[in-house]
Amino acid sequence: MSSDSLSGLLGRPVQMRTGGGAKAFLRKVWAVAAKDIRAELRAKEVASTMIVFGLLAVIIFGLAFDLRVPKSAMVVPGILWVIVLFAGILGLHRSFGAEIDRETLPGLLLAPVEPSAIYFGKLASNLLYLFLLEFCMLPLLLVMFDTNLYHPVILLGLFLGTLGYAEVGTFFAALTANTRARESMLPVLLLPVMVPVFMAGVSLTAGILDGRPVSGLTSWLVILAVFDVIFFVAAYWIVDLIWDGI
Amino acid sequence: MASGNGSTGEPIVRVEKVAQRYGRKVVLRSVSLEVKAGEVAALLGANGAGKTTLLRILSGLDAPERGQVWLGNVPLTNAGHEIRRYVGLVSHRPLVYESLNGLENLHFFAQMYDLVEPEARIEAVLTAMDLWHRRYDPVRTYSRGMIQRLAIGRAILHDPPVLLLDEPDTGLDQESVAVLTDLIAQLREGGRAVLVTTHNWDRAERWADKIFYLADGSIEDGAEALRQR
């Protein structure tokens with residue numbers, strides 16, 4: 001430290017914006033998300049793990065079902081959604097687990113920021129990692145199973161399902177962050193809640209691959225959208241309560 | 001002991017009969033203390049005496065089981081997150097991100113504290129902490145002393161009126177400790193209230209206007225403890 005440069009450090013007034021409403025809230029959401037993404041670009045420990053696991057799982061499923069299943073389109077919807085759920089857990093538990101392991105969470109909680117802003121920042125980075133996973137998985141599914149999933153309705157369903165998964169997963173990751181067995185607690189809590197998303201996602205994908213009319217599948221899209229809205233609102237309200245006094 | 005000339009009459013930190021326990025272990029029984037603006041108070045005590053617990057309560061990271069903490073005229077309990085602008089904490093842990101560099105760390109915290117045009121402030125803090133020349137290096141490449149200096153920089157970045165320093169001299173070389181002493185003196189001059197924990201009696205005497213001694217979960221007379229040392 002330098003004595004000379006200390007003088008004047010406290011003499012200059014430091015201006016802070018107070019209040020600021022939604023704009024300030026969104027600025028902090030962005031700051032948390034950008035910090036996580038920047039750290040991930042350096043450390044490469046979350047998204048890369050998810051993507052490698054996802055791609056390996058596609059290959060393993062491809063080899064496993066190649067010999068026995070008469071039509072690969074029959075199993076692809078299930079494979080897609082199972083891999084997204086399982087690979088996603090790898091990243092979700094790190095979103096807060098890394099803050100706990102490196103003892104940086106108190107630094108976040110010391111700042112004048114609503115816990116929900118931290119939650120939504122983490123949600124944004126988790127969402128990005130899950131979309132990257134899917135972006136890498138779809139071409140491999142096409143190659144391994146000869147099944148084209150690039151249909152607008154499938155992609156919309158995948159977007160809505162992934163959003164709901166990231167919402168609930170980030171919430172449970174926050175809830176279990178301080179528990180000793182968070183790696184095992186997270187899937188135990190998360191997967192049962194994800195059953196509606198899984199069912200809707202698989203049914204929607206299978207319906208499109210089977211050539212059924214889109215009009216008959218909109219109920220699955222509605223289920224996914226309603227799930228997203230409910231958990232978006234619930235997380236916003238509950239996260240502030242569960243983090244009180246951490 | 002240091003002579004405080006930035007001190008004003010009203011206590012800015014007031015702790016009233018705070019008690020805390022973890023499970024069945026009582027850490028704080030009934031702790032009361034006050035620190036005025038422009039005053040430096042040292043908190044001494046053996047390992048496990050409850051110094052860190054008290055600082056966590058004062059920073060709002062933990063809620064006390066009983067008692068009340070006031071920052072100015074505002075009770076900390078249920079004060080909302082905005083009160084955290086008024087406190088800076090140097091913890092046992094640096095609370096900075098190893099994969100980011102020093103500049104990115106302070107930029108991130110400047111955003112979290114809503115600093116207006118933070119670049120000049122960040123440069124001033126990094127320069128004062130002698131880290132400006134290493135600003136683009138990842139924190140994981142810093143020495144322990146450099147990480148501690150960055151932690152101090154993070155705590156003073158938003159220039160809080162209350163500064164809580166939990167063993168801030170940990171990992172610092174003699175030269176850096178001398179500058180830390182200078183910083184604490186300037187914080188006093190600038191009217192900030194500083195509560196610092198340390199195991200080092202000599203430093204406590206040099207830094208502080210008054211000394212609290214924490215033993216068995218209660219505050220004892222620091223001067224008396226000093227005489228019996």
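The values are calculated or read from the model by the stated rules, or taken from the named source; none is laboratory data. Since the structure is predicted, the reported quantities are computational estimates derived from the model, not experimental observations. Counting neighbours? That spans all protein chains shown, and the Cβs are built from the backbone with ideal geometry, glycine included. To get the accessible areas, we keep the full protein, side chains included, count just its heavy atoms, and leave off ligands, DNA and RNA. Shrake-Rupley method; radii C 1.70, N 1.55, O 1.52, S 1.80 Å.
In region B:44-57, the residue that is most open to solvent (accessible area, probe 1.4 Å) out of those that are within 14 Å of chain A (Cβ to nearest Cβ) and over 20 Å from B:Met112 (Cα atoms) is B:Thr52.
Summed over region B:178-202, the residues that are facing chain A (nearest Cβ under 9 Å) and open to solvent by less than 20 Å² (accessible area, probe 1.4 Å) give a count of 4. Does B:Arg203 meet the test of being in contact with a Gly (Cβ under 9 Å, 6 or more places away or on another chain) and more than 19 Å from B:Leu54 (Cα to Cα)? No; evaluated as a whole, the condition is false for this residue.
The listed residues are A:Ala117, A:Ala64, A:Ala124, and the only one of them that is of a type outside the set (D, E, K, R) and without any contact (Cβ under 8 Å) to a residue 40 or more places away in the chain turns out to be A:Ala64. Determine the pairs where a residue that is over 20 Å from A:Ala174 (Cβ atoms), located within region A:73-91, has a partner that is aliphatic (A, V, I, L, M) and not in a helix (DSSP H, G or I) with Cβ atoms under 8 Å apart, the partner being 6 or more residues away or on another chain. Between residues of region A:73-91 that are over 20 Å from A:Ala174 (Cβ atoms) and residues that are aliphatic (A, V, I, L, M) and not in a helix (DSSP H, G or I), the close pairs are A:Val75/A:Val69; A:Val76/A:Leu149; A:Leu80/A:Leu149. When the residues of region A:93-125 are filtered to those that are within 13 Å of A:Ala47 (Cα to Cα) and in contact with a Lys or Arg (Cβ under 9 Å, 6 or more places away or on another chain), the one that is farthest from the other protein chains (Cβ to nearest Cβ) is A:His93. Exactly one residue out of B:Ser59, B:Ser30, B:Ser91 is in contact (Cβ under 8 Å) with a residue 60 or more places away in the chain and over 16 Å from the mean Cα position of the chain (by Cα), and it is B:Ser30. Could you figure out which of (1) facing another protein chain (nearest Cβ under 9 Å); (2) within 17 Å of B:Ala185 (Cα to Cα) isn't true of B:Val162? B:Val162 satisfies every listed condition except (1). Test B:Ala120 against the stated conditions and say whether it is open to solvent by 10 Å² or more (accessible area, probe 1.4 Å) and either closer than 27 Å to A:Ala43 by Cβ or within 7 Å of chain A (Cβ to nearest Cβ) (or both). No, not satisfied.
Just one of (1) charged (D, E, K, R); (2) touching a Lys or Arg at 6+ places or on another chain (Cβ under 9 Å); (3) in contact (Cβ under 8 Å) with a residue 60 or more places away in the chain fails for B:Glu123. It is (3). Restricting region B:77-95 to residues that are surrounded by fewer than 22 Cβ atoms within 10 Å (Cβ to Cβ) and more than 17 Å from B:Arg192 (Cβ to Cβ), the residue that is modelled with the highest pLDDT is B:Arg93. Looking at B:Leu150 and the list (1) more than 17 Å from the chain's Cα centre (by Cα); (2) buried (at least 21 other Cβ atoms within 10 Å of the Cβ), which single condition is not satisfied? That leaves (1) as the condition not met.
Consider region B:102-112 and keep the residues that are surrounded by fewer than 24 Cβ atoms within 10 Å (Cβ to Cβ) and not aliphatic (A, V, I, L, M). The one that is farthest from the other protein chains (Cβ to nearest Cβ) is B:His107.
Does B:Leu28 fit the bill of being in contact with a strand residue (DSSP E or B) (Cβ under 9 Å, 6 or more places away or on another chain), crowded, with 17+ Cβ neighbours inside 10 Å and away from every other protein chain (no Cβ under 14 Å)? So B:Leu28 fits the description; yes. Contact map, region B:64-88: first residue within 9 Å of chain A (Cβ to nearest Cβ), second residue assigned to a loop (DSSP other than H, G, I, E, B) and among the polar types (S, T, N, Q), Cβ cut-off under 7 Å, separation 6 or more or different chains; pairs are B:Glu82/A:Thr18.
For A:Arg42, the stated conditions hold: it is within 14 Å of another protein chain (Cβ to nearest Cβ), within 25 Å of B:His107 (Cβ to Cβ) and either at pLDDT below 95 or more than 23 Å from the chain's Cα centre (by Cα) (or both). What's the number of the only condition in (1) open to solvent by less than 10 Å² (accessible area, probe 1.4 Å); (2) touching an Asp or Glu at 6+ places or on another chain (Cβ under 9 Å) that A:Tyr129 fails to meet? With (1) open to solvent by less than 10 Å² (accessible area, probe 1.4 Å); (2) touching an Asp or Glu at 6+ places or on another chain (Cβ under 9 Å) applied to A:Tyr129, the lone miss is (1).
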